[in-house]
Amino acid sequence: MADGSTVFWIRVAVGGDPHRGGRLVRSLRDELRDALGIQVSLATEQDAPGPLLWASLGSSGAVTAPALLCAISEWCARDASHEVELVLGGRSIWLSGRPNECPELVRALPRDLRADA
């Protein structure tokens, strides 16, 4: 982004159930807003088909990529059926809420996004 923000695309795996998908996407959006105080919005149909969120981590560094990963992983851990794909610059990371998943996922981030891990 022009302001130096890092934008992540977040897709919740819904198994073809659009109603469930809508509920899960809104739940995750609200969780990330409440827990991290970051901008999280629903993507438009032009951006991608299906329920998709985008999250912007400001250039100030107040919320880091590892914090975003850990918050999503914790949300997934609440229900064994939750899985989320996080996409940044063509690379994707799948989160499922496995125990001790967060440190492994942080290591998968590009080095410049691992600050404060």
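Does the stretch 21-35 include one or more residues that are loosely packed, with under 14 Cβ neighbours inside 10 Å, more than 22 Å from ASP79 (Cα to Cα) and either of a type outside the set (Phe, Trp, Tyr) or in contact with a His (Cβ under 9 Å, 6 or more places away or on another chain) (or both)? No, every residue in the stretch 21-35 fails to be loosely packed, with under 14 Cβ neighbours inside 10 Å, more than 22 Å from ASP79 (Cα to Cα) and either of a type outside the set (Phe, Trp, Tyr) or in contact with a His (Cβ under 9 Å, 6 or more places away or on another chain) (or both). For the stretch 1-43, the set of residues classified as charged (D, E, K, R) and either under 16 Å from LEU95 (Cβ atoms) or modelled with pLDDT under 75 (or both) consists of ASP3, ARG11, ARG29, GLU31, listed by residue number. So, in the stretch 1-39, of the ones that are outside any helix (DSSP H, G or I) and without any contact (Cβ under 8 Å) to a residue 24 or more places away in the chain, which residue ends up nearest to LEU68 (Cα to Cα)? The selected residue is GLN39.
Candidates are the residues of the stretch 95-107 that are without any contact (Cβ under 8 Å) to a residue 40 or more places away in the chain and surrounded by 14 or more Cβ atoms within 10 Å (Cβ to Cβ); the one that is nearest to CYS70 (Cα to Cα) is CYS102. Has the stretch 44-60 got any residue that is at pLDDT 85 or above, on the phi < 0 side of the Ramachandran plot and not in a strand (DSSP E or B)? No, the stretch 44-60 contains no residue that is at pLDDT 85 or above, on the phi < 0 side of the Ramachandran plot and not in a strand (DSSP E or B). I'd like the residue in the stretch 74-87 that is part of a strand (DSSP E or B) and buried (at least 16 other Cβ atoms within 10 Å of the Cβ) and, out of all such residues, is nearest to the chain's Cα centre (by Cα). The qualifying residue nearest to the chain's Cα centre (by Cα) is LEU86.
The values are calculated or read from the model by the stated rules, or taken from the named source; none is laboratory data. What you see is a predicted model, and the numbers here were worked out from it, not measured in a lab. All Cβ positions, glycine included, derive from the backbone under ideal geometry; neighbour counts span all protein chains shown.
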